[in-house]
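Every read-out reported here was derived from the displayed coordinates using simple, explicitly stated rules and does not represent laboratory data. Note that the coordinates shown come from a computational prediction; the quantities given were computed from them, not determined experimentally. Please note: Cβ atoms are built from the backbone with ideal geometry, for glycine as well, and neighbour counts cover all protein chains shown.
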């Protein structure tokens with residue numbers, strides 16, 4: 001098919017929604033390092049994870065051999081509610097940039113959670129329901145994950161308890177109301193409802209919270225409440241597995257038109273979107289079938305890939321969770337107060353960390369004012385007001401497209417537009433008012449986080 | 001094609017986006033009454049409208065003979081940014097209601113304006129640009145129209161001045177920020193920036209504003225500022241014309257599967273969505289080719305169809321606009337303070353008013369608590385958090401589907417889901433907290449509005 005026949009939006013047919021998730025770990029020569037017991041520092045056995053996670057999710061978490069895992073019928077049905085998501089050819093943006101680059105983005109924001117998070121939320125809720133649980137607990141930062149989980153739990157009739165990072169809870173009351181509309185209870189974290197929350201509040205009175213704190217609280221409640229388990233929206237292997245639908249759909253849509261991306265770009269907080277978007281492409285790369293330049297984009301204020309250490313670390317601030325080997329800033333790291341939006345987790349998916357360590361992908365960091373400049377430009381020409389998180393990817397996609405303008409190269413760029421910014425207008429207001437600031441942590445500040453890393457042999 | 005082959009979401013191809021708008025007035029035996037000069041009460045000539053509207057839009061406003069009007073290439077291109085919109089088969093809702101009814105909805109909310117308003121905004125901005133104007137002025141209530149116009153003006157590089165009903169401006173600061181992100185200026189109305197605004201503030205100190213006031217202000221600024229014209233997001237014939245894309249796409253999607261709706265339902269404030277959704281179906285009805293039951297749904301707190309008078313009235317509170325013959329509550333009518341969301345205009349599209357008067361459609365009114373109950377149910381099972389306005393149509397669609405459950409009839413219901421409720425969380429919060437109230441104006445209250453109707457022979 002000739003290139004100019006490519007529509008603005010490529011929608012797959014409903015029956016082309018993936019029926020299996022792709023597990024990139026199966027194709028990795030160097031597998032991600034195993035989770036460790038936080039006390040003994042020995043690799044965790046499945047049974048040790050059962051008090052925290054559903055059994056089937058534990059199996060997915062530990063499975064690094066099966067390349068494809070069937071998507072249960074119930075989840076496939078739910079996916080039809082909002083998938084396939086469109087792969088959009090950014091003709092308007094290309095024109096505005098006057099670039100010979102061809103830009104595509106996979107838009108995951110056309111659902112009420114406002115992001116890709118629903119892809120894993122529905123899977124985790126399904127397995128919880130199947131195991132006969134009463135409910136699940138979780139944390140949420142920017143709020144997309146909490147909203148997605150609320151929607152998924154409402155669908156399966158599960159109770160949903162969300163611990164929301166206090167600064168987001170206060171800045172985003174409307175996110176809270178969406179979750180409540182879907183029947184979830186929302187508690188600002190750190191809270192006095194948990195032991196770990198009370199401890200953190202005592203040590204850091206007036207703290208505005210962090211994802212690490214909220215995780216500790218949610219895990220405590222899950223493990224102490226009969227019939228509950230904990231679920232997490234990023235970082236974990238199982239989440240990347242579920243999110244592979246993003247990449248599988250993107251690849252199927254591009255394949256239809258014989259298009260092969262040169263560069264694939266995704267924002268990276270814990271890695272859920274990036275890991276999902278790149279997975280089938282990375283699989284080809286790992287199997288030596290194709291090559292792609294893959295770029296992770298993170299905030300300069302929370303630079304786990306670009307300035308973190310590749311080491312075992314706690315997944316949470318309360319140090320009750322397993323240890324994971326990952327690029328990390330230390331579980332005590334909290335981004336500066338001026339940091340808007342998500343992408344604020346101290347660590348990074350073990351799978352992506354290993355791939356990055358092995359030189360299979362790049363990483364770069366960007367400052368938030370530059371990110372919002374790109375967001376505004378994008379909104380005005382492509383018509384979608386992007387989430388701050390997604391706008392990190394936009395920033396680098398625009399920069400790569402502008403490089404093509406200089407060199408005259410007709411590169412094909414694919415990036416992940418994870419979501420919409422409708423609940424991020426406080427941040428946009430700061431940008432509109434010209435009072436948004438940037439912050440890059442000093443080496444000394446980062447060292448404090450590294451000092452808290454556990455000693456693992 | 002067999003019924004069970006109908007997918008959850010029917011997307012037309014990009015090349016199936018309508019290339020002509022359909023003008024239902026061409027098929028009406030009784031044409032809508034002409035606009036009158038507010039001073040002389042004589043039918044307005046095109047020239048008299050040129051200081052307010054662009055010339056081509058005046059032509060569209062007055063054209064009641066051409067059934068099809070070409071959509072300019074530039075507008076077709078823009079439509080590709082967010083159209084075709086999906087026609088969704090509400091399988092999840094049908095199952096939750098346990099109804100034999102087949103429910104479809106045309107979802108217009110998947111764009112950053114959050115509603116169908118963009119369909120007319122881009123057309124009006126295009127003609128303004130084509131006429132060489134510098135900018136446009138408008139009013140906005142709930143905010144969708146203002147956002148849509150901001151997006152459209154940003155696309156064509158036009159200045160955009162929005163007068164936003166004060167109560168919405170205060171309750172929806174984030175809507176304002178979206179408009180600012182697209183480069184618009186937003187002023188709460190009534191304001192001291194206009195003569196009419198100052199007059200209204202003097203007469204009603206502390207008023208929270210109304211659409212009628214905001215229209216007066218926007219018209220004043222447009223007519224007094226060189227290179228500006230006024231644009232309106234509803235009520236006008238030209239708006240219904242542009243919005244016919246909703247109905248044309250809906251009908252094309254249903255025709256593909258051989259489906260013919262029995263009942264068509266739309267919410268009605270000024271009539272932009274309803275008029276657009278029903279237009280090709282109404283055309284068939286007018287030409288005697290098919291029959292449909294068509295239901296307009298309005299808030300019980302602003303019941304222009306069901307309790308208004310069919311009379312000539314001012315389109316604005318300041319009485320500077322032309323007179324239109326319509327179902328109206330009087331230009332001084334302001335819905336009670338507890339009324340959430342849009343659908344708060346005192347009048348109704350002349351075209352729809354005539355169709356209703358001629359018995360070609362029905363109207364019903366619903367109270368807002370019942371509306372939000374339907375909205376919550378819909379959000380939980382269909383996964384889309386609906387706008388309060390759209391939820392009026394959901395309420396009646398659900399009620400009709402429940403009637404089918406009682407009678408066992410397998411009716412096919414089509415309704416318009418005009419938009420999303422992401423900026424309406426103050427209202428949802430009231431509902432979630434159980435403090436939402438209903439209000440039905442008394443006959444005496446309505447009489448006050450009727451007393452202000454102009455005397456037209």
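Could you list the residues of region A:376-410 with an amide nitrogen less than 19 Å from a label point located 7 Å from the Cα of residue A:338 in the Cα-to-C-beta direction?
What the label zone holds, given the 19 Å backbone N cut-off, is A:376, A:388-389, A:392.
Other chains' Cβ within 10 Å of A:173-182 residues: what's the mean?
6
Over region A:277-417, what is the relative contact order in percent, taking alpha-carbon pairs closer than 8 angstrom and at least six residues apart?
For region A:277-417, the relative contact order is 22 percent.
Between region B:1-70 and region A:335-381, how many Å separate their Cα centres?
Using only Cα atoms to place each centre, the spacing works out to 46 Å.
Would you mind checking the tilt of helix B:388-407 against the longest principal axis of the Cα atoms of chain B, expressed as 0 to 90 degrees and rounded to 10?
With rounding to tens, the tilt is 30 degrees.
Which order do the peptides B:334-342, A:274-282 come out in when sorted by mean C-beta neighbours inside 10 angstrom, highest first?
The peptides rank, most packed first, as A:274-282, B:334-342.
Relative contact order for region B:278-358 using alpha-carbon pairs under 8 Å, separation at least 6, rounded to a whole percent?
Relative contact order for region B:278-358 comes out at 25 percent.
For the Cα atoms of chain B, what angle does the longest principal axis make with the long axis of helix B:118-130, in degrees from 0 to 90, nearest 10?
It is inclined by approximately 40 degrees.
Expressed as a whole number of Å, what is the distance separating the alpha-carbon centroids of region A:204-243 and region A:100-142?
15 Å
With an 8 Å Cα cut-off and a minimum separation of 6 or more residues, compute the relative contact order for chain B in percent.
Once normalised by length, the contact order is 20 percent.
In whole Å, how far is the Cα centre of region A:260-311 from that of region A:174-192?
Value for the Cα centre distance between the two parts: 31 Å.
Going by alpha carbons, how many degrees (0 to 90, nearest 10) lie between the helix axis of A:368-382 and the longest principal axis of chain A?
So the inclination is approximately 50 degrees.
Normalized C-alpha radius of gyration of region A:13-57, against 2.2 N^0.38 Å?
1.67
For a quick size check, give me the Cα extents of region A:268-401 along its three principal axes, largest first, whole Å.
Result for region A:268-401: principal-axis Cα extents of 45, 44, 20 Å.
May I ask you to derive the FRET efficiency for residue B:403 and residue A:46 from their Cβ-Cβ distance with R0 = 56 Å, giving the value to the nearest 0.05?
The computed FRET efficiency comes out at 0.60.
Test of understanding: what is the full-extension gain from residue B:204 to residue B:447, defined as 0.36 nm times their sequence separation minus their Cα-Cα distance?
Here the segment from residue B:204 to residue B:447 would lengthen by 85.6 nm.
Inside 10 Å of the C-beta atoms of B:429-438, what's the mean count of C-beta atoms belonging to other chains?
Taking the mean over all residues of the peptide, I get 2.
With each pseudo-label sitting 7 Å past Cα toward Cβ, what's the residue A:19-residue B:456 distance in nm, one decimal?
For residue A:19 paired with residue B:456, the spin-label model returns 6.2 nm.
Given bins 10 angstrom wide, list per bin the percent of all Cα-Cα distances in chain B, short to long.
Bin by bin from 0 Å, the calculated values are 5, 23, 35, 27, 10, 1, 0.
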